[in-house]
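Working notes, structure below.
The values are calculated or read from the model by the stated rules, or taken from the named source; none is laboratory data. Source: prediction; values computed, not measured. Glycine also receives a Cβ, built like all others from the backbone with ideal geometry; neighbour counts cover every protein chain displayed.
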Amino acid sequence: MQNFAAYIRNVPDFPVKGIQFKDITTLLKDGELFAQVIDQMYDPFRHEDFDKISAVEARGFILGGALSYKLNLGFVPIRKPGKLPAEILAEEYDLEYGKDSIEVHQDGIRKGDRVLLVDDLLATGGTAVAACKLIERLGGKIIGISFLIELTELKGREKLDNYKVNSLITYPF
């Protein structure tokens with residue numbers, strides 16, 4: 001398996017002091033590596049039957065859109081508030097200091113749809129849990145969740161213990 005972590009740029013103190021931002025653009029700019037990432041994000045779920053790919057903005061859209069195209073499946077975007085033009089369903093989640101929310105179109109997922117959720121990063125798990133709740137509130141079933149990067153010290157996976165979760169890169173190593 002390719003060492004994708006070697007292609008991730010660490011940007012200290014971005015967007016605020018103390019954060020070690022994991023920049024995936026250094027990986028995505030290489031077409032062959034990008035294709036390998038998409039293949040490996042899908043691989044643990046290749047024997048599953050699903051109807052839709054859903055992803056959380058913004059970097060999750062890059063990965064989820066590519067995977068949706070590869071599998072010829074519909075793509076359902078989950079966005080920050082105020083970005084979707086039709087009727088939405090919203091889910092609030094806790095941040096370290098405060099709250100945030102994400103939204104999905106009410107007609108994006110139908111009852112019984114089997115969904116693979118994709119995002120670039122698993123940190124505390126708040127966004128992923130909120131995305132799962134949105135999909136399930138619409139009647140969808142989460143078949144799995146695929147991340148490019150997981151920050152294990154933040155224990156986000158523990159909040160997702162009811163789901164099949166895959167991460168290609170984990171920090172710390």
- request: State whether the residues of segment 96-103 include one that is under 21 Å from D39 (Cβ atoms) and of a type outside the set (K, R).
  value: no
message: Looking at the structure I just gave you, is G126 surrounded by 17 or more Cβ atoms within 10 Å (Cβ to Cβ) and more than 22 Å from D51 (Cβ to Cβ)?
response: yes
- request: Tally the residues that are among the β-branched types (V, I, T), farther than 15 Å from V115 by Cβ and touching an Asp or Glu at 6+ places or on another chain (Cβ under 9 Å), restricting the search to segment 26-73.
  value: 1
task: Among the numbered conditions (1) touching a helix residue (DSSP H, G or I) at 6+ places or on another chain (Cβ under 9 Å); (2) among the hydrophobic types (A, V, I, L, M, F, W, C); (3) at pLDDT below 95, tell me where L154 comes up short.
output: (1)
statement: Restricting segment 153-173 to residues that are aliphatic (A, V, I, L, M) and assigned to a strand (DSSP E or B), the one nearest to K141 (Cα to Cα) turns out to be V165
